[in-house]
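The values are calculated or read from the model by the stated rules, or taken from the named source; none is laboratory data. In this text, all values refer to a predicted model and were calculated from it rather than measured experimentally. All Cβ positions, glycine included, derive from the backbone under ideal geometry; neighbour counts span all protein chains shown. Note: areas computed on protein heavy atoms with side chains; ligands, DNA, RNA excluded. Shrake-Rupley method; radii C 1.70, N 1.55, O 1.52, S 1.80 Å.
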Amino acid sequence: MSAVMKTYGSSEISFERGEGMYLYTESGDKYLDFCSGIAVSALGHSHPHLIRALKEQTEKLLHVSNLYKIPGQEKMAKRLVENTFASSVFFCNSGAEAVECGIKLARKFHYENGDPNRFRIITCSNSFHGRTLATLSAAKQEKHMAGFAPMLDGFDQVHIEDIEKLEEVVNESTACILLEPVQGEGGVVVTSNHYLEKIQQISKSTGALIFFDEVQCGIARTGKLFAHEWSSVKPDIMSLAKGLGGGIPVGACLANEKVSSAMKPGSHGSTFGGNPTSMAAANAVFDIVEKTTFLKHVQEMGKYFKESLVSLGQETNVFGEVRGMGLLVGIVCNITNTDMVKELEDNGLLTVAAGDNVVRFLPPLITEKHHIDEAVAILNDVCRQLST
Ligand SMILES: *Cc1c(COP(=O)(O)O)cnc(C)c1O
């Protein structure tokens, strides 16, 4: 009997090592990884640049706490600032913590502005922001909240893309509007530019801040460094994690100048956040993903993958709609999505289920055409088996 708390479904597979796009079990079975540890292993497994950076850092120093200045953290923050709307960055260890920091920032900003009652946050239906009490309260998913009441007060939810309702709900107590530019867990739902532009207008006219949760869609996943760059809209706050450390736990919350200024020494903190080891990983990942050629590669692979899926979708009745951007792609299944994930796994392809009966494909961003061909061939086989 496992001594691990039963918060996860129990897969029988375990991996011993990984290399590039593949994972290997102890008995040598090989799997094509289109899951990436849920959008984390952006550079695939055992990437030499990431491994080298970690080796060099861990031989020198693992951890010191934020009582001291951490050069790797200074460097990583500067790079994020230079590449975004932001003027400062707070480092933490996970997506939920990054969102949590953003929630605190939005409230603190209005508090410092003499508006302490402006603490409510508007979120989207079918969103996911993590498993802490505040982030559960934000996403309002019944299945995640059950048994954990009371939730945190101050969150209002509006259907994604429902601008009319959003205009109705937003008022002088709205601190910010929080959303994922591309919903991941919710079923790979890409928000329209029109919707994001409307949110920007609402933000301008009401003073509610914009907070993008790019924990899953950020760090080159969609073929831009950040998914919101596909629109003209800039947030005031942005949360990152997953791909940021390429497999080492790293989260970050970015804020523009006016919001950043709300935080003072002592306002917020983390023991582990931004330690030398995690920052070595984040800097190494960023060395690669920030390159224009790399982003272009993700765009091209995403386009090729989506086109392959669309044409397969036209030949089979096992799935229909293909959704997504870059290498954050989903298919809407006509069978139960978790059964599909299991069938694919049995045939050597790792994927992950999402809301709305979607199977999500999150390959490492280093994927090449032949890996996509291999994945699509497995999907094709599984669709044939399932429809006969
Ligand atoms: C995964 C995810 C989170 C939570 O991240 P954890 O590291 O599991 O806490 C938050 N927001 C989004 C959009 C996510 O995809």
- Message: On a straight-distance basis, which lysines could pair with K342 in a cross-link, Cα separation under 18 angstrom, same-chain partners fewer than 8 positions away excluded?
- Response: K30
- Whole-number percent relative contact order across the stretch 29-168, with pairs defined as alpha carbons under 8 Å at least 6 apart: 14 percent
- Task: Mind giving me the nanometre distance, one decimal, between the label points for S46 and S10, set 7 Å out from Cα along Cα→Cβ?
- Result: 3.1 nm
- Carbon and sulfur atoms: what percent of the 1.4 Å accessible area of the chain do they account for? 52 percent
- Mean residue ellipticity (222 nm) of the chain, computed from DSSP H runs ≥ 4 via -39,500 (n - 2.57), nearest 500: -12000 deg cm²/dmol
- Give me the percent of DSSP beta bridges within the chain that run antiparallel, rounded to the nearest 5. 65 percent
- Item | C-alpha center-to-center spacing [the stretch 160-174, the stretch 297-313] in angstrom | 35 Å
- Kindly write out, for the stretch 224-233 in residue order, the coupling ³J(HN,Hα) from the Karplus curve 6.51 cos²θ - 1.76 cosθ + 1.60 (θ = phi - 60°), rounded to whole Hz, with x marking Gly and Pro. 10, 4, 10, 4, 5, 5, 6, 10, 8, 8
- Note on the structure: The aspartates and glutamates whose Cα lies under 14 Å from the Cα of K198, excluding any fewer than 8 residues away in the same chain, are E161, D162, E164, E167, E168
- Task: Excluding residues fewer than 8 places away in the same chain, name every one of the aspartates and glutamates whose C-alpha is closer than 13 Å to that of K369.
- Result: E300, E307
- Query: Residue-wise, which Karplus ³J(HN,Hα) couplings in Hz belong to the stretch 378-385, taking 6.51 cos²θ - 1.76 cosθ + 1.60, θ = phi - 60°, and x for glycine or proline?
  - Reply: 5, 4, 4, 4, 5, 4, 5, 4
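With a 1.4 Å probe and all protein chains left in place, how much accessible area per residue does the stretch 214-349 have, in Å²? Could you put the intermediate results ahead of the total?
Working: 4960 Å² over 136 residues.
Dividing the accessible area of the stretch 214-349 by its residue count gives 36 Å².
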- Query: Using the reciprocal of the averaged 1/r over all distinct C-alpha pairs, how large is the Kirkwood radius of the stretch 50-289 in Å?
  - Reply: 18.0 Å
- Item | For the stretch 12-108, accessible area per residue (1.4 Å probe, heavy atoms of protein chains only), Å² | 53 Å²
- Item | Of the chymotrypsin sites (Phe, Trp or Tyr not before Pro) in the stretch 23-130, those whose Cβ has at most 10 other Cβ within 10 Å and which sit in DSSP loop | Y68
- Query: At D339 and S205, where each label point lies 7 Å from the Cα along Cα→Cβ, what is the point-to-point distance in nanometres?
  - Reply: 4.8 nm
- antiparallel share of DSSP beta bridges within the stretch 199-270, to nearest 5, in %, is 50 percent
- Message: Can you compute 3J(HN,Hα) from phi for each residue in the stretch 91-108, using the Karplus curve 6.51 cos²θ - 1.76 cosθ + 1.60 with θ = phi - 60°, rounded to whole Hz and x for Gly and Pro?
- Response: 9, 9, 10, 7, x, 4, 5, 5, 5, 4, 4, x, 4, 5, 4, 4, 5, 5
- Pull up all non-local amide H partners of S125: gap of 5 or more, or a different chain, and H-to-H distance under 5 Å with H placed in the peptide plane. V158, H159, I160
- Report, by chain and number, residues whose modeled amide H sits under 5 Å from the one on G187, excluding near sequence neighbours (fewer than 5 apart, same chain). G355
- Task: Name the long-range amide H neighbours of F119: under 5 Å, sequence gap of 5 or more, or other chain; modelled H, no Pro or chain starts.
- Result: A175
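Report the charge-dipole magnitude of the chain in Debye, nearest 20, computed about the Cα centre from +1 at each Lys and Arg Cβ and -1 at each Asp and Glu Cβ. Present the calculation step by step, with values, prior to reporting the outcome.
Numbers: 36 positive and 46 negative charges, 237 e Å.
The calculation lands at about 1140 debye.
Test of understanding: given the chain, find the longest segment containing no GluC sites (Glu not before Pro) that are in a DSSP loop and have at most 14 other Cβ atoms within 10 Å.
Numbers: sites that count: E12, E26, E172, E368.
Longest site-free region, per DSSP loop and neighbour criteria: 173-367.
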